[in-house]
Amino acid sequence: MRFFLSAIPFAACALAAVLAEPAEPINLTERDAALDELAPRDNGFKINYYTDGGCTDYLVSIFPFTDDSCYGYQFTGDNSANIANCDAPSGSDCVCTFFVQDNCQGAGQSIGYSSGADCTSNFGRGFLSMRCTYL
């Protein structure tokens, strides 16, 4: 009986920890990027982000959806991006549009892997969302 009573405070603390809400929301995308644990959606379609405006100072890579759906994210310090790899189906190209606002809103800049326009920059503000597809 003594063992049981001494366990009650520990059980109460464990229950309180489970029920407690975090002090602030966690940005899972940024955390996962820092841990290099972003789940690949299509390993043949890779986007690199850079801290400079000319796609040279590497920050992080992601593997976007390829169904033209909007992908929102926030990487602190991103200023430019490019399509680093494209294993498009035969006769297709990888194309992405990067937006200055969340939910694929606002000004957008499009790049294609084989078009030669392979770096897009929004220096000082970065990008907050994107959509990619095969064309």
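Tabulated results
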{"read-out": "Heavy atoms of Phe98 accessible to a 1.4 Å probe, total area in Å² rounded to 10", "value": "0"}
{"read-out": "Calculated FRET efficiency for the pair Asp68/Arg125, C-beta based, R₀ 22 Å, to 0.05", "value": "0.40"}
{"read-out": "Amide H contacts of Asp57 (H built 1.01 Å from N, under 5 Å, at least 5 apart or other chain)", "value": "Thr51, Asp52"}
{"read-out": "Distance between modelled label sites at Ser92 and Asp118, nm, 7 Å Cα→Cβ extension", "value": "2.0"}
{"read-out": "Karplus-derived 3J(HN,Hα), 6.51/-1.76/1.60, for each residue of segment 71-84, Hz, glycine and proline x", "value": "10, x, 6, 8, 10, 5, x, 7, 10, 8, 8, 8, 8, 7"}
{"read-out": "Cα shape, segment 90-135, gyration tensor, a/c 1.5 rule", "value": "oblate"}
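The values are calculated or read from the model by the stated rules, or taken from the named source; none is laboratory data. All of these numbers come straight from a predicted model, not from anything done at the bench. In this analysis, Cβ positions are derived from the backbone assuming ideal geometry, glycine residues included, and neighbour counts consider all displayed protein chains. All accessible areas refer to the heavy atoms of the entire protein, side chains included, with ligands and DNA or RNA removed. Shrake-Rupley method; radii C 1.70, N 1.55, O 1.52, S 1.80 Å.
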